[in-house]
Amino acid sequence: MLVTMVWLAGRYEASQVQDKLERDTVGAVSEIRSALARNMQDLQALNAGDVALEDWRVRAAELLQVRREIVRVEWRNAAMRLVAHAETPYRGEYWSDNFREESETHAVAACSNARRTNAATYSPSYFQLLGEGLGMELMEACQPLQHQGHFVGYVVATYSLPNILSSQVSKNLTRNQEVSFTEPDGTRLALVGAAWRGTRVFSAQQLLDLPGHTLVLRMDSWHRAPNVFPNVLTALVTAMSIALVSVLVVLVRDNRRRLRAERDLGDALAFRKAMEDSLITGLRARDLQGRISYVNPAFCAMVGFSSEELLGLDIAPYWPPELAQEYRQRQGRRLSGAIPTAREGHESVFMRKDGTRFPVLIFEAPLINAQGQHTGWMSAFIDISEQRRIEEISRASQERLQATARLATVGEMASLLSHELTQPLMAIASYASGSLHLLEGSGNTPVAQLTGEQAREQLQELVAVMRKIGFQADRAGRVIKSVRDFVRRRDQSREAVFPQELLDAVLPLVRMQARKLGVDVETYVAPGLPPVWCDVTMVEQVLLNLTRNGMQAMEAAQIVERRLEVRVQAPEAGQPADRLVFSVSDWGTGIPDEVAEQLFGAFFTTRPEGMGLGLSLCRTVVEQHGGQLQHRQHQPRGTVFTFTLPVAVPQ
């Protein structure tokens, strides 16, 4: 009953609004029809009696000043030729002669109907462009003229439909509603007024039947929702009913939201549990007192203890006994906040339940709850046993490959060593033979029996020969020592060494092969360079491999001018200032593009007798020192290999 009463009250108020709108529409149509009839009388009075053209124009101008809805008045003869015209003073020129010619057909049609009916006739409305993108909906009205019972012409008035609405409809109506002319099919032609946009729209239509044309006057009014409270009692009961229904709706919505939240929470917990169970990373949570509050299955499998054995403990059974005291102190510093959180993690050693030790990588972070409070610590553990085993295998393999490469290098240089050692050994033999000859004496007179000046001369010659023998022996020893130091396997250790010392260590071996291949070796070390921090043996191997590759490239290409240049200099602008640049340049044919793509690959070589390990090991050594081995074309020909080594920091 309450709903019905409220609905009937709303219907009643809506009907009242609609009835008022209907009455206003009928009244507006009546006013417009009366105004148009008066206008026709005034138009007919323009040609009353014998009026001159100037007088007609004056009367027409006065009429246009009073009748704003008329924008143009024309006096035409019986043949529809224009005699005189006048335009409204309230607006500039509506159209030019060309525009009027386009709309003249409407005036001709209206005048034809007026001549046939001998009464004022209206034409259908049309839209007239006025230039500059503007336009207006217009309508022609034609009044036939008679003088002493004879037809003498027409008076044609051009109406503006928007002006008709603005001047003939009451301002009270257009202040709070929209008034418009429409065609019978609903097409809107002109509109005045601006109404407040409410929640309900009321519309009323009324026909404006004119001779020759019919328009529809439409009024649209927007109102708020009708007042649904006819009295205080109804308002009170309705308010209580609405409150009760509102509470019921809120409870239903809250219950649905609660059920949906519970389902989402269950799904989220199940998803998190499945995700934690599938992880291979161990997770452990501790409270602020250091007690274990959570472990995932991966952590239990890692240490060999079940979650029941670990939860609630503050002393972990997976700590090795020899490291338990150190771990306990570190945990105390962590809980007190003395150790900052490290994003890169730290390594430690754990003990499985069977007693075996294994290395782990630990990442720890504060555990923050939804309220932003620090409630403990969360740790992630990664078993790096396999990683350490692979690194050890890789390191051992790298050392074996380096030793193999050094031995292969010495094997290739065996023939050069024999040639290089032949010269000092032959010189030693010659000097020894000459010494023996001096000792035995010339002319069958031994040295011991000589006296005076002759004996001193013989002794001086003998001393010079012995010095030459010592020099040649020392030369052979240096060659053998350089090869022995290069091949000898030793632990990787870095030290500060000047660039010139690195070059001096490998130059005997380089020059030995250069003399055989006819290569001119040039070295340049920029003055004042600081020492570099490196593994001397490994860097010497890099320099030796690069120089040998350059010489072999020139030999294989049959280059006549064979030059090899080794340079050490400071970095250029834009490069790191804490490094020195080493470069090895040859005058060969360069490196083709298809070879350059796989030049540093392991076991790739362009020589039939090569192993394909030289450049690969060189790149590994340079990268271990924090540098990068690169190559580029050398001008006018050949290739330049460059790498950098760090400058030694003073201790």
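Read the figures in this text as sums done on the coordinates, not as results from a lab. Since the model is a prediction, treat every value here as computed from it, not as a measurement. Quick reminder, even Gly has a Cβ in these numbers, built from the backbone with ideal geometry, and neighbours come from all protein chains shown.
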Item to check | Net length gained if the chain between R389 and R328 were fully extended (0.36 nm per residue, minus Cα distance) | outcome: 19.1 nm
Item to check | Neighbour-count order for S34, S221, fewest beta carbons within 10 angstrom listed first | outcome: S34, S221
Checklist entry - lysines within cross-link reach of K20: Cα-Cα under 24 Å, excluding same-chain residues under 8 positions apart? => result K171
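Based only on other Cβ atoms within 10 Å, what is the fewest-to-most ordering of H631, H147? Please list the in-between numbers first.
Details: H631 19, H147 12.
Ordered from fewest to most neighbouring Cβ atoms within 10 Å, H631, H147 come out as H147, H631.
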Checklist outcome for this item: If I393, I382 are placed from fewest to most neighbouring beta carbons inside 10 Å, the sequence is I393, I382
Checklist entry - Using the per-residue mean of other Cβ atoms lying within 10 Å as a proxy for protection, in what order, highest first, do the peptides 547-553, 236-242, 104-110 fall? => result 547-553, 104-110, 236-242
Next on the checklist: Taking 8 Å as the Cα distance limit and 6 or more residues as the minimum spacing, I'd like the relative contact order of region 245-311 as a percentage.
Outcome noted: 21
Item to check | Distance in nm between pseudo-label sites at R467 and V152 (7 Å out along the Cβ direction from Cα) | outcome: 15.4
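With a Förster radius of 25 Å, plug the Cβ-Cβ distance of S433 and R515 into 1/(1 + (r/R0)^6) and report the FRET value to the nearest 0.05. Don't skip to the answer; put the middle values down first.
Working: r = 26 Å, r/R0 = 1.04.
Calculated value: 0.45.
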Checklist entry - Across bins of 10 angstrom width beginning at 0, how are the C-alpha pair distances of region 245-397 distributed, in whole percent? => result 9, 31, 29, 15, 9, 5, 2, 0, 0
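Could you work out the relative contact order of region 279-383? I mean the mean sequence separation of Cα pairs under 8 Å and 6+ apart, divided by the number of residues, in percent. The partial results should precede the final answer.
On the way: 187 pairs, mean separation 30.9, N = 105.
About 29 percent, as a whole number.
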Next on the checklist: If every alpha-carbon in region 2-167 counts as one equal scatterer, what log10 I(q)/I(0) does Debye give at q = 0.09, 0.13, 0.14 1/Å?
Outcome noted: -0.38, -0.66, -0.74
Checklist entry - Once region 229-274 is represented by equal point scatterers at the alpha-carbon sites, with solvent omitted, what log10 I(q)/I(0) does the Debye formula produce at q = 0.18, 0.25, 0.31 Å⁻¹? => result -0.65, -0.82, -0.96
